[in-house]
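Data block below; observations after.
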Amino acid sequence: MGRLPRDFFARDSLEVAPELLNKVIVFGNCRGRLLEVEAYKGADDPGSHGRRGMTPRNEVMFGPAGRLYVYFTYGMHWCANVVCGADGECSAVLLRAVTPLEGLAEMRTRRPAARRDRDLCSGPAKFTSAFGIDGTHNGSDLATADSGVELFDDGTPPPRDPGRSTRIGLSAGAELPWRWYVRGCDDLSRRG
């Protein structure tokens, strides 16, 4: 397996997002295949944290590419994004759902409410909880694995015809078809 290089991420989030499908994310003993992602942009995207410019909360979204932008939402959940694009440009891809491959016992310990293995990582907050990713990983460099979070290409290509829809849970920018997913998977946060 080869770790994804920085130049993979240094492109528009709309290009990177569908190509992240079927890549493998690793942290500690946990390993999973990315099944569902959403692209976010800066000022051009009313659903983005960067729509109003850089703040202390979102500054990681502005580069460099290949970093992990982790934020707290609803006062209880962590969500993880892969930063894309050129330095100073706000662009990221939310990691929405993962199929667990290794470390299931550890994931079950972190997510005891999950009744089935397919429920362990079937949403952005479920995934980060199962893997143990939190705010301490904000800014982690995926290209160097400085914090242990890594993204790999194991030779499984992204789907030729991925599912595509509008993003989930947004009011502003909800009409943009910037969600991609692997069709037919049980581990998605939402079907189609």
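The values are calculated or read from the model by the stated rules, or taken from the named source; none is laboratory data. Predicted, not measured: the structure shown is a model, and the values here were computed from it. Neighbour counts run over all protein chains shown; Cβ positions are idealised from the backbone, glycine included. For the accessible areas, the whole protein counts, side chains as well, though only heavy atoms, and no ligand, DNA or RNA atoms are used. Shrake-Rupley method; radii C 1.70, N 1.55, O 1.52, S 1.80 Å.
Hey, with R₀ at 25 Å, roughly what FRET efficiency would R115 and M76 work out to, going by the Cβ-Cβ distance, to 0.05? The calculated FRET efficiency here is 0.80. Going by accessible surface with a 1.4 Å probe and the largest first, E175, E36, E102 read E175, E102, E36. Accessible surface calculations at 1.4 Å, restricted to protein heavy atoms, place the chain at 44 Å² per residue. The dipole here belongs to the chain: it is taken about the Cα centre, uses +1 on the Cβ of Lys and Arg and -1 on the Cβ of Asp and Glu, and is about 700 debye.
When a/c reaches 1.5 or more, the comparison of a/b and b/c decides; with that in mind, is the chain rounded, prolate or oblate per its Cα gyration tensor? Here the chain falls in the rounded category.
Only one residue of C90, P158, P64 has its Cα farthest out toward the positive end of the dipole of the chain, where Lys and Arg carry +1 and Asp and Glu -1 on Cβ, and that residue is P158. The heavy atoms of C79 offer some 10 square angstrom of accessible surface to a 1.4 angstrom probe. Maximal additional length on extending the R190-A145 stretch stands at 13.2 nm, based on 0.36 nm per residue less the C-alpha distance. Fully extending the segment from N29 to R3 would add 7.7 nm, taking 0.36 nm per residue of separation and subtracting the current Cα-Cα distance.
Between R57 and R183, the simple label model (points 7 Å from Cα in the Cβ direction) yields a spacing of 3.7 nm. A simple spin-label model places pseudo-atoms 7 Å from Cα toward Cβ; at D87 and D44 they are separated by 2.2 nm. Remark: accessible surface ordering of T73, T55 (largest first) is T55, T73, probe radius 1.4 Å. Accessible surface ranking for K41, K126, K23, 1.4 angstrom probe, highest first: K126, K41, K23. Descending by average beta-carbon neighbour count within 10 Å, the peptides 24-31, 155-162 line up as 24-31, 155-162, the highest first.
Here the accessible area is traced with a 1.4 Å probe on the protein chains. For the chain, carbon and sulfur cover 49 percent of it.
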